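Note sheet for the following structure.
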């Protein structure tokens, strides 16, 4: 009996791939075989293509799809756009470099630049050119994944040479052979901020792993963190591609272009520089919103907005403060803000500030559950820096306040975040931009926001994230209400302990006073 191998060899000799009969209409010659003609690529040609393109995704994309072939959707196209080709070439160069590091690419783009096509190509290349490759693709929402990302992948799969070796379903694209299908596949993965198990199982030691995030800006930090933990297999080729419109100005996608940029090769793609985008639509957007509006920055330029739609402190304000020269004067008050840790991952922070300088004296970060020990550290800092006032969050810090008073630390004031705003303010911006505040915490943050126009803070990723994180809304009385820490954690963000400590330094206005702290009603507002 003829073996399977002999059967495949016999069919290849007749000019067709295994399991396929070549059909020819009577009176018409069969088309000539061509590596770019998906209807006629031989099994040997596919083998050669996959072997030669194992570490060359750009060459794969050029050869695996029927660019310019009449009667195909690509008849009018001669290959990828320039920016797409550059990204593919960079991935290939990194793999051929053999460093063993995870190849990490982040792409922020405007609309219509071909980002979804690039995502599909990287996935198909990763699958087709490495037997036993494990790939996963996720998106910002299940609907995006189901109705846009996956259909785009399916469209390119139907055009790919060698597609007969794989089968696609609604949730997976895998090898047809049953013994290969389990470990040679692309999976469409939906996520939950409260259940990231799906991303913890992506392992393939000694093989290839490709992970793709589409519309990555809105994928929560917990999913990124779970994915990072999975991409640690020794000896594996690992590619992590994240792409999308830069709609959010906080979170891990934003950090790829900022605090974590050293780990990522980044690219921002302007729609105006890519063929095929609608110049008329872009011109209308610019006319309607302005060339430097956040709308145009996100949807055309591929740049992050200055502030999220509900972000309380704009990122450009924070960035400027982190680069500004720190200045203060000896006659200005030394104020300590103390945010006392509540539980779990939270930390106690003691942040000194003198006038416009919140950088020279670095914030002290503590993870001490004993409030008496915390009080001891606060007292130590207050005496070392000759603090004129110490403002302590009363949420968990009532015992700290009592102990500090008992120890004779001057200028100690407990601050209730949920108390009513008391009318004190810092500068005109706090009132002019936001009006009234629902509580003391919102008022302190508004004062801090105004101060950031002239103040200096450390160039620190954690501080930047804390300041950028909280969103705001209006209550029934049209008062500004800052997002609660608990709600931030549900969005996957850490408690802004550092920023709350700095905000506490704006609880009241202070000046140096012999013998102790003078209440705000006795002071001239100058700080």
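Things to note:
- Relative contact order (%) - the stretch 47-245, alpha-carbon pairs under 8 angstrom, separation at least six: 25
- Among 489, 440, a tally of other beta-carbon atoms within 10 Å of each Cβ gives an order, fewest to most, of 489, 440.
- Separation between Cα centres of the stretch 206-234 and the stretch 47-118, rounded to whole Å: 20
- Centroid-to-centroid separation of the stretch 280-316 and the stretch 244-271 [C-alpha atoms, Å]: 15
- Between residue 478 and residue 453, the C-beta separation translates, for a Förster distance of 25 Å, into a calculated FRET efficiency of about 0.55.
- FRET efficiency estimate (nearest 0.05) - Cβ-Cβ, residue 295 to residue 259, R0 25 angstrom: 0.50
- Tensor-based shape of the stretch 301-378 (alpha-carbon gyration tensor, a/c under 1.5 rounded, otherwise prolate or oblate): oblate
- Residues 168, 282, 480, sorted so that the one with the fewest Cβ neighbours within 10 Å comes first: 168, 282, 480
- Extents of the stretch 153-272, largest first, come to 44, 38, 28 Å (Cα atoms, principal axes, whole angstrom).
- Gained length - residue 384 relative to residue 51, 0.36 nm times residue gap less alpha-carbon distance: 113.2 nm
- Distance between the pseudo-spin-label points of residue 320 and residue 75 (7 Å out from Cα toward the beta carbon): 5.6 nm.
- Overall, the anisotropy analysis places the stretch 47-245 in the rounded class: the square-rooted eigenvalues a ≥ b ≥ c of its C-alpha gyration tensor yield a/c less than 1.5.
Quick note: the coordinates plus some simple rules give every number you see, no bench work behind them. Not measured: the values here are computed from a predicted model. Ideal geometry is used to build each Cβ from the backbone, glycine not excepted, and the neighbour counts take in all protein chains shown.
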